[in-house]
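A.B. asks: Below you'll find the structure I mean.
The values are calculated or read from the model by the stated rules, or taken from the named source; none is laboratory data. Here the structure is a predicted model, which means the values were calculated and not measured. Positions of Cβ are generated from backbone atoms using ideal geometry, with glycine treated the same way; all protein chains shown enter the neighbour counts.
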Amino acid sequence: MNAENARRLGEGQPLEPILSAGDEIGRLADLHLRAEALLARRAADLTAARDSAVRATQAKNSFLSSTSHELRTPLNAVLGFAQLLQLSELSEDDSDGVERILSAGRHLLALINELIDIARIESGDLGMSLEPVLVRPVIEESCQLMAPIAAERSIQIITDRIPAALAAYVDRQRLAQILVNLISNAVKYNHKDGTITISAQEQGTGQVRIVVTDTGPGLAPDDLERIFVPFERLGAERTEVEGTGIGLPLAKALTEAMKGQLTVASVLGQGAAFTVSLARAPDLIPVPAPSPPASLMAGPRAPAGAGLSVLCIDDNPANLEVVARYLRSRPGARLLSAASGRAGLECAARDVPDIILPDLHLPDLQGDQVLNELKANPATAAIPVIVLSADASPGVIRRLLGGGAFAYLTKPIELAELGGLLDTCAAARAQDQQAQDQQPQPAIRSGSA
C-alpha cells in the first residue's frame, strides 16, 4: 500500500487510507500523509498567488486606462489652445513661445505613450496586427518625421540599399514607432554635423534586416546590454541629452512582440549600429498614392469647412472651447454643442448636423452607445461621426471604427488633422449636392380643369 501511495503522491492523486502503525512502514505512511498535506498547502498558496497576480494585472490595466485618460484630457486643452494661438497673427517672440509650448507638450505626450506601452507589454495587453508591409515607405516616413530634429544639429539622415518590394510581417504602426525611437536615439547621441544611415535588405531566406547606424561616440562593451534596461541612461542625466531611458527598451520590446530581434554593435569612438531583424514576407508591388479626383482639382477650392454644421458632444468646457474657436477660423462653419450623450442624440435628431464629434466618456452614455443609436436612427445614420477621445487603447479604436465611426482622433487632437477630416466631409457633401443638382427634374404639365 505504501508503494501505491508513493506513486499516487508523485502523480498528485489522493492517497489511499492506511492504518497507522508504529513500525517503519507505518512511519513511512505517516510521512506520505504529511507530504500530501504539504503539497495541498503549497498548491493552495500557488492558486492564491496566481489569483492575486491576475487581480493586480487587472488593477494595473484599469489604472493605465484611467491614467492615460486623465493625463491626456488636460494636455488636450494645453495643446489645443496653443495650436489656436499658432493660427493667430503673433509677434516673432510670441510665435517662438507657442512653438516651445507645442514642442514640450508633444514631448510629454510621447513620454506618456511610451510609459503606457511599456506597461502594456509587461502585462501582455499590447495588441499587434502582423501583416505583410513594405519596409521602404515606413523607413522614409520615419526619416521625414525626424528630419527637422536632425536638421537642428546639422545631422544628415541617409537611406541606403532599400529594395522597393522588400516586405516584412509586422504591425506597421509599431515598426514606425521602433524606427522613430532608433533614429531619435541616433540624433541625441550623435555629434554635430554627423550622419545617420538606414539600410534594409533580405537576410538569408526568411529575415529582413533593418540597420540604423550613427557616427556618435559609440558604446563600451559593458554598456551594450544596459542600454536596453528601462530608465538606464548610462550617465546621460549628467549631460544635456534629454530623455527617460525608455525609448530603446520599448523598441526592443516591440520588436520581440513582433517575433523579431533588436541587437546593437558598437566600438567606442566609432558610433553604433542597431539592427532590427524581422520575419520576411513575400515581395509586394509598391502602389503609388492615388491622385485626387479631377472634380476636386478643378477650379478654386472653397474655404475649408464652409457651410458645415458640426455637433460636438463633450462634457469638458475646455475641449468644447478649443473646437469652437477652431471652427470660427473656418468660414461658414456652425457649432452645435451638447454636454451629455442623451442631449447630443436629441440635438442630432432635431438639427441633423453635417458632422458629429462625440467624446467617448460622457456622464450618461459611453461613446459607443451614442454611435450605435446614431447609426440606428434613419435621420442620423448617414452623418459622419468623428470620435474625439483621450482613450488611446487600440482595441477601443478598432471597436469604434468597426461600429461605423468615420474616424477616431486621440486627444490631444491635432487641429490640422481635424481640419483635414472636415475638408474630406465637406468635399463629399459638395459632390453629393452637385450630383443631386444634376439629376433631371420631373416635367410639370399643366392640365385642364
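A.B. asks: Please name all residue pairs, on different chains or six or more residues apart, with Cβ atoms under 7 Å, provided the first residue is in segment 338-356 and is over 17 Å from LEU320 (Cα atoms) and the second residue is among the aliphatic types (A, V, I, L, M) and surrounded by fewer than 16 Cβ atoms within 10 Å (Cβ to Cβ).
C.D. replies: Between residues of segment 338-356 that are over 17 Å from LEU320 (Cα atoms) and residues that are among the aliphatic types (A, V, I, L, M) and surrounded by fewer than 16 Cβ atoms within 10 Å (Cβ to Cβ), the close pairs are ALA349/ALA379; VAL352/ALA379.
A.B. asks: Further question: Please specify each residue of segment 104-135 satisfying the condition of being crowded, with 17+ Cβ neighbours inside 10 Å, in a helix (DSSP H, G or I) and over 15 Å from the mean Cα position of the chain (by Cα).
C.D. replies: Correct list: GLY105, VAL135.
A.B. asks: Now a separate question. Answer yes or no: is there a residue in segment 86-96 that is at pLDDT 85 or above, assigned to a helix (DSSP H, G or I), within 30 Å of PRO286 (Cβ to Cβ) and not assigned by TED's automatic domain parsing to the domain that holds ASN316.
C.D. replies: no
A.B. asks: Any residue in segment 78-101 that is in contact (Cβ under 8 Å) with a residue 60 or more places away in the chain sitting within a Cβ distance under 6 Å of a residue that is exposed (fewer than 14 other Cβ atoms within 10 Å of the Cβ) and of a type in the set (Asp, Glu)? List the pairs, counting only those 6 or more apart or interchain.
C.D. replies: Close Cβ pairs (under 6 Å, with a partner that is exposed (fewer than 14 other Cβ atoms within 10 Å of the Cβ) and of a type in the set (Asp, Glu)) do not exist here.
A.B. asks: I would also like to ask the following. Going by the structure shown, is GLU99 in a helix (DSSP H, G or I) and either under 19 Å from the mean Cα position of the chain (by Cα) or in the same structural domain as GLY419 (by TED's automatic domain parsing) (or both)?
C.D. replies: no
A.B. asks: Another one. Could we say that VAL323 is farther than 25 Å from GLN173 by Cα, at pLDDT 90 or above, surrounded by fewer than 16 Cβ atoms within 10 Å (Cβ to Cβ) and of a type in the set (A, V, I, L, M) here? Reasoning before the result, please.
C.D. replies: Values: farther than 25 Å from GLN173 by Cα: yes; at pLDDT 90 or above: yes; surrounded by fewer than 16 Cβ atoms within 10 Å (Cβ to Cβ): no; of a type in the set (A, V, I, L, M): yes.
Here the answer is no, as VAL323 does not meet what is asked.
A.B. asks: How do the pairs read when you match residues in segment 394-408 that are in the same structural domain as HIS361 (by TED's automatic domain parsing) with residues anywhere that are aromatic (Phe, Trp, Tyr), using Cβ under 6 Å and keeping only pairs 6 or more apart or on different chains?
C.D. replies: Final answer for the pair search is ILE397/TYR408; LEU400/TYR408; LEU401/TYR408.
A.B. asks: In segment 383-402, what residues are at pLDDT 90 or above and buried (at least 16 other Cβ atoms within 10 Å of the Cβ)?
C.D. replies: Answer for segment 383-402, where residues must be at pLDDT 90 or above and buried (at least 16 other Cβ atoms within 10 Å of the Cβ): ILE383, PRO384, VAL385, ILE386, VAL387, LEU388, LEU400.
A.B. asks: Sticking with this one: Here are some residues: SER142, SER68. Which one is of a type in the set (Gly, Ala, Ser), surrounded by 18 or more Cβ atoms within 10 Å (Cβ to Cβ), at pLDDT 90 or above and in a helix (DSSP H, G or I)?
C.D. replies: Result of the check over SER142, SER68: SER142.
A.B. asks: Give just the number: which of (1) surrounded by fewer than 16 Cβ atoms within 10 Å (Cβ to Cβ); (2) within 23 Å of the chain's Cα centre (by Cα) does GLN203 not satisfy?
C.D. replies: It is condition (2) that GLN203 fails.
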